[in-house]
Amino acid sequence: MVAAVVAAEVSWLVCKMCDLEFRTDELVSKHLRTTSSHRSHRPPPAIEYKAVGDGGSGERAGSVAADGPADAREKPFSCETCEKAFSERRKLARHMRSHTGEKLFACDVCGAAFCDSGNLTRHRRTHTGEKPFACDVCGAAFSQSTDLTRHRLTHTGEKPFACDVCGRAFSRSSNLTTHRRTHTGEKPFACDVCGAAFSDRRSLNSHTLTHN
């Protein structure tokens, strides 16, 4: 499932199966076609469109098929770096900051700077404690819509993240990532005292206590 989020005038598509972000429908479609765990997902992932205002109030939702037509509007302004296309020059200018690293939007509380206003809006909630996204089942509130989406799975029991090796399914992509290491043998978390390596950080933390 892929959600499109619009903050201020900046929009992007977030793949709910792996949390990767994309700027265009074309890139999302390519991602779904070329990622093995997504190709084998049944039913096939759809693109769920969500629009969230800059202040976090109001949300509109709809859905289109993942293999449906891309944005029908003309997009004459293309990025010379990644070839992404935009309907307006100002949108291209905002996009270019993702390549240059320019950060025009600074937090007036701590000074942290961001490439677009949407990221600044989400960051500010860490200071204000604002949680505009509430669960309609239990009332739990969250500062980001993606956190609410993950929380809702605890009510539905849905496990959309399936291992492409053994088929085991998980409600969170991070749990699937950890599980995959049981197949690959990868152990990226190493103890800086004795060098013992582990597949997840929790195991490393437990091991570290044996040195204290």
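The values are calculated or read from the model by the stated rules, or taken from the named source; none is laboratory data. This is a predicted model, so every value here is computed, not measured. Neighbour counts are summed over all protein chains in view; Cβ atoms, including those assigned to glycine, are modelled from backbone coordinates with ideal geometry.
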Residue under question is Ala112, and the condition is that it be within 22 Å of the chain's Cα centre (by Cα), among the small types (Gly, Ala, Ser) and closer than 30 Å to Leu148 by Cβ; does it hold?
yes
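Within the bounds of segment 150-170, is there any residue that is part of a helix (DSSP H, G or I), of a type in the set (S, T, N, Q), under 30 Å from Phe198 (Cβ atoms) and outside the structural domain of Ser199 (by TED's automatic domain parsing)? Full working, then the answer.
Taking segment 150-170 first, the residues part of a helix (DSSP H, G or I) are 150-156.
The next check asks that each one be of a type in the set (S, T, N, Q); those that pass are 154, 156.
Right, trim to under 30 Å from Phe198 (Cβ atoms) and you get 154.
After this cut, where a residue has to be outside the structural domain of Ser199 (by TED's automatic domain parsing) as well, the list is 154.
There is at least one residue in segment 150-170 that is part of a helix (DSSP H, G or I), of a type in the set (S, T, N, Q), under 30 Å from Phe198 (Cβ atoms) and outside the structural domain of Ser199 (by TED's automatic domain parsing).
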Positions within segment 130-149 being in a loop (DSSP other than H, G, I, E, B), at pLDDT below 90 and within 16 Å of Ser171 (Cβ to Cβ), in sequence order:
none
Return a yes/no flag: does segment 160-169 have any residue that is touching a Ser or Thr at 6+ places or on another chain (Cβ under 8 Å) and without any contact (Cβ under 8 Å) to a residue 24 or more places away in the chain.
no
Are any of the residues in segment 78-87 among the β-branched types (Val, Ile, Thr) and surrounded by 12 or more Cβ atoms within 10 Å (Cβ to Cβ)?
no
Residues satisfying the stated conditions in segment 166-212, i.e. of a type in the set (D, E, K, R), surrounded by 11 or more Cβ atoms within 10 Å (Cβ to Cβ) and over 26 Å from His151 (Cβ atoms):
Glu186, Lys187
Give the residue, chosen from Phe114, Phe133, Phe105, that is touching a residue at least 12 places away in the same chain (Cβ under 8 Å), closer than 30 Å to Phe77 by Cα, surrounded by 15 or more Cβ atoms within 10 Å (Cβ to Cβ) and not small (Gly, Ala, Ser).
Phe105
If I filter segment 147-159 for residues that are under 30 Å from Cys107 (Cα atoms), touching a residue at least 40 places away in the same chain (Cβ under 8 Å) and surrounded by 14 or more Cβ atoms within 10 Å (Cβ to Cβ), do I get at least one hit?
yes
